[in-house]
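We did not get these values from a lab; they are worked out from the coordinates using the rules stated. Quick caveat: nothing in here was measured; it's all calculated off a predicted structure. In this analysis, Cβ positions are derived from the backbone assuming ideal geometry, glycine residues included, and neighbour counts consider all displayed protein chains.
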Amino acid sequence: MPEPARALRGLVPFEIAAVLALAIAPLPETLPVALPLFAVATASRWARGRDWSELLAGARGTAGIGAAVGLAALALAVLAGSPVVELVSGRGVEWAMFPMVRGNAAQGVAVALIVGITAAASELALRGWVVERVRELSPGPPILPVLVGALAEAMVTPGGVAARIGAGVFGLGLGWIYVAAGRSVVAPVCARLAFALGAVVLEALRVLG
């Protein structure tokens with residue numbers, strides 16, 4: 001076992017460099033960072049003889065629980081998070097990201113598809129790769145892997161300090177969901193999907209601006 005362990009650890013500098021590079025790279029606005037991050041994550045898992053199938057199993061009910069958590073997080077962010085951020089920063093929170101979905105069902109479906117793919121790619125990369133990778137290298141309590149995953153989420157999230165802090169907090173919650181679900185990405189993927197798609201629906205209904 002020593003030789004495989006060294007081979008696994010030998011990839012760490014490249015993996016860290018890849019995350020840092022994606023965090024600071026001037027990517028086109030039309031390219032979500034989740035997609036290149038997912039590509040790097042897939043290559044890393046492939047190099048270690050791993051695939052995604054082992055992380056897609058989940059106990060019955062975890063998908064529904066994850067979706068419920070995602071919707072609850074969205075409601076909390078809209079009703080409580082936004083006012084707090086506005087009070088502290090003195091600036092309004094800009095939720096609207098897809099104004100084209102308002103009054104346009106076809107655009108709404110297209111945006112929902114893109115948002116769904118991006119959300120799934122984010123969770124596979126952040127929880128299924130970053131958190132899982134730290135757990136592989138540091139067996140023990142899951143606190144460190146969850147924190148590292150949240151930090152990575154904050155780093156690769158575009159926007160100001162408030163957006164990055166919010167992403168980090170959300171990442172902490174998703175990390176604990178991942179661990180509690182038995183290291184299955186099903187629950188956190190469903191949580192992020194519910195949050196992201198819920199936000200698109202609220203924007204289409206002009207609830208968020």
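Numbers for the structure displayed
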{"item": "Contour minus Cα-Cα distance for Ala180 and Ala80 (0.36 nm per residue)", "result": "33.4 nm"}
{"item": "Computed label-point distance, nm, for sites Val169 and Ala23 using a 7 Å Cα→Cβ extension", "result": "2.0 nm"}
{"item": "Label-point gap, in nm, between Leu8 and Ala110 - each point 7 angstrom along Cα→Cβ", "result": "4.4 nm"}
{"item": "Separation in nanometres of the label points that stand 7 Å from Cα toward Cβ, at Val201 and Thr30", "result": "2.9 nm"}
{"item": "Packing-based ranking, highest mean first, of 44-56, 21-33, 167-179, 63-75 given that Cβ atoms within 10 Å are counted", "result": "167-179, 63-75, 44-56, 21-33"}
{"item": "Longest to shortest principal axis, alpha-carbon extents of segment 147-209, angstrom", "result": "37, 26, 13"}
